[in-house]
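The values are calculated or read from the model by the stated rules, or taken from the named source; none is laboratory data. Keep in mind the model is a prediction, meaning the values are calculated, not measured. Cβ coordinates were reconstructed from backbone atoms using ideal geometry, including for glycine residues, and neighbour counts include every protein chain displayed.
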Amino acid sequence: MEPIEATATVTAPPECFVTESGRYLTRWQLTRSFEIGILTARLSVDDEQVLLAERTEGRTVTIVRCPWETLPTHVELRSDGTRVWIADRRRTHPANQAAVWPPASPRVGDKV
C-alpha cells in the first residue's frame, strides 16, 4: 500500500480585538469598519495593543487587542476561506440583517 501524500495549510489564528462594550472583532472586521466609515482611527498605543477610534456619531471607542485563546465560549470564529470574522452566538439578528459583520455599508444603529 502506497502512502498517501497530503498537504495541509496551517495559518496563524486571526488577530482579535475587543471593545469596551464587549464586542469582539477580528482584524478583518476592524479594518472593514475603518474602510467603510463606521469607525475613524484616532490613536494607536503600544503598537496597536490599544486603539482609540471614533464612531460616525462622534462617540469614542476603545479597542484592545486580546489573545484568541481568551475568547469567551459564546464567541466563535467563522470563515468563508478568504476572511475570518467573529460571531457572537448570544445575539439574534433579524432575517433581513447581514450575516457577516460589518455590513457592506454603515447603517443607523450599528454598534462596534
Being among the aliphatic types (A, V, I, L, M) and touching a Ser or Thr at 6+ places or on another chain (Cβ under 8 Å) is the filter; apply it to the stretch 72-92 and report the residue that is modelled with the highest pLDDT. 86
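Taking the options 69, 35, 48, 57, name whichever one is over 14 Å from residue 23 (Cα atoms) and surrounded by 14 or more Cβ atoms within 10 Å (Cβ to Cβ).
48
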Within the stretch 12-29, restricting to residues that are over 12 Å from residue 62 (Cα atoms) and free of Cβ contacts under 8 Å to residues at least 40 places away in the same chain, the one that is surrounded by the most Cβ atoms within 10 Å (Cβ to Cβ) is 27
If we keep just the residues of the stretch 49-69 that are among the polar types (S, T, N, Q) and within 17 Å of residue 29 (Cβ to Cβ), which is modelled with the lowest pLDDT? 56
Taking residue 43 as meeting all but one of (1) out of contact with any Leu (no Cβ under 8 Å at 6 or more places or on another chain); (2) over 25 Å from residue 90 (Cβ atoms); (3) of a type outside the set (Asp, Glu), write down the number of the exception. (1)
Within the bounds of the stretch 93-104, is there any residue that is modelled with pLDDT under 85 and surrounded by 16 or more Cβ atoms within 10 Å (Cβ to Cβ)? yes
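In the stretch 49-90, which residues are part of a helix (DSSP H, G or I) and under 14 Å from the mean Cα position of the chain (by Cα)?
Of all residues in the stretch 49-90, those part of a helix (DSSP H, G or I) come to 68-70.
Answer for the stretch 49-90, where residues must be part of a helix (DSSP H, G or I) and under 14 Å from the mean Cα position of the chain (by Cα): just 68.
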